[in-house]
Structure formats: structure tokens, C-alpha cells
1. Kindly evaluate residue 119 against the criterion of being open to solvent by 70 Å² or more (accessible area, probe 1.4 Å) and under 15 Å from the mean Cα position of the chain (by Cα).
2. Among (1) at pLDDT 95 or above; (2) outside any strand (DSSP E or B); (3) crowded, with 19+ Cβ neighbours inside 10 Å; (4) not polar (S, T, N, Q), which single condition is residue 100 missing?
3. Within the group 71, 60, 97, which residue is among the acidic types (Asp, Glu) and touching a residue at least 60 places away in the same chain (Cβ under 8 Å)?
4. Taking only region 64-93 into account, find how many residues are exposed (fewer than 14 other Cβ atoms within 10 Å of the Cβ), outside any strand (DSSP E or B) and either within 12 Å of the chain's Cα centre (by Cα) or acidic (Asp, Glu) (or both).
5. Given the structure, is residue 20 in contact with a Cys (Cβ under 9 Å, 6 or more places away or on another chain) and of a type outside the set (Lys, Arg)?
6. So, in region 47-96, how many residues would count as being among the acidic types (Asp, Glu) and at pLDDT below 95?
Amino acid sequence: VQLQASGGGLVQAGGSLRLSCAASGRTFSSYTMGWFRQPPGKEREFVGAIRWSGSTYYADSVKGRFTISRDGAKSTVYLQMNSLKPEDTAVYYCAADPQIIVSAMNKWSQYDYWGQGTLVTVSS
């Protein structure tokens, strides 16, 4: 599976941005797709994930502001980010895995495939 993330940029606090992650190579629909981010000088952290069933999971820090969705026809996963805060500034990565269990979805080491990352900068 090859993943291509896009959509990052500079936005003011309170604004919105939508990231995309286009997948190719294998059966996309059966994979769990995750979003992670790495703020400057910090560890990579879980943002959210979507299962093949459509169930979504979010980190507490983004719950209610971020929404993950997937378009099977386009083999693309989206991360809609609203009410952005300066602390959301980070490089955002999408990841995919065919067999990850729910309890491991927030662990970046459990994902087999990664996109290249896209930078989101939120100004105050």
C-alpha cells in the first residue's frame, strides 16, 4: 500500500483545514486508516482512526473538532479539522494497517504503511 497525504498549510486559529490521504496498491477498504501528528520537538501522537466498518476513534485532544471519513471509490481518507488551535501545529501523517486491533490503533508502531507527512501550521 502506498499512501500520499496532502492538504496541509497555514491557517489562523479557529479556522479549518481538510487533509487527504490517497491509498493505492492493495485492497484499501479492508484496512484501518490512522492519522498521527508530530508537533515540533515532540513525539508522534495519535489523532484518530477509521476502521473498515466505518467506526471512528479520536484522541481526546481533537474529539469534537476533527472528523475522519473515507471514500472507498476514491481510496481516500480525509481528516477534517475544525476550530484549529496553535497546539494543533504539527506534521500530520496517515497510516494504514490490515490487521490492527482496536486497542492498538493509537500506537504508531503498530501500523505497517505510512504516508510522507504534511505540515499544518496554525497561527494565533
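1. Working: open to solvent by 70 Å² or more (accessible area, probe 1.4 Å): yes; under 15 Å from the mean Cα position of the chain (by Cα): yes.
For residue 119, the condition - open to solvent by 70 Å² or more (accessible area, probe 1.4 Å) and under 15 Å from the mean Cα position of the chain (by Cα) - is met.
2. (1)
3. Values: 71 fails: touching a residue at least 60 places away in the same chain (Cβ under 8 Å); 60 fails: touching a residue at least 60 places away in the same chain (Cβ under 8 Å).
After applying the criteria, what remains is 97.
4. Counting residues in region 64-93 that are exposed (fewer than 14 other Cβ atoms within 10 Å of the Cβ), outside any strand (DSSP E or B) and either within 12 Å of the chain's Cα centre (by Cα) or acidic (Asp, Glu) (or both) gives 1.
5. Values: in contact with a Cys (Cβ under 9 Å, 6 or more places away or on another chain): yes; of a type outside the set (Lys, Arg): yes.
Taking the combined requirement at face value, the residue satisfies it.
6. Filtering region 47-96 for residues among the acidic types (Asp, Glu) gives 60, 71, 87-88.
In the following step, the residues that additionally are at pLDDT below 95 were identified as 71.
Residues in region 47-96 being among the acidic types (Asp, Glu) and at pLDDT below 95: 1 in total.
The values are calculated or read from the model by the stated rules, or taken from the named source; none is laboratory data. This structure is a prediction, so every number in the text was calculated from the model and none was measured. Backbone-built Cβ (ideal geometry, glycine too); neighbour counts: all protein chains shown. In case anyone asks, the SASA skips ligands and DNA or RNA and just uses the protein heavy atoms, side chains included. Shrake-Rupley method; radii C 1.70, N 1.55, O 1.52, S 1.80 Å.
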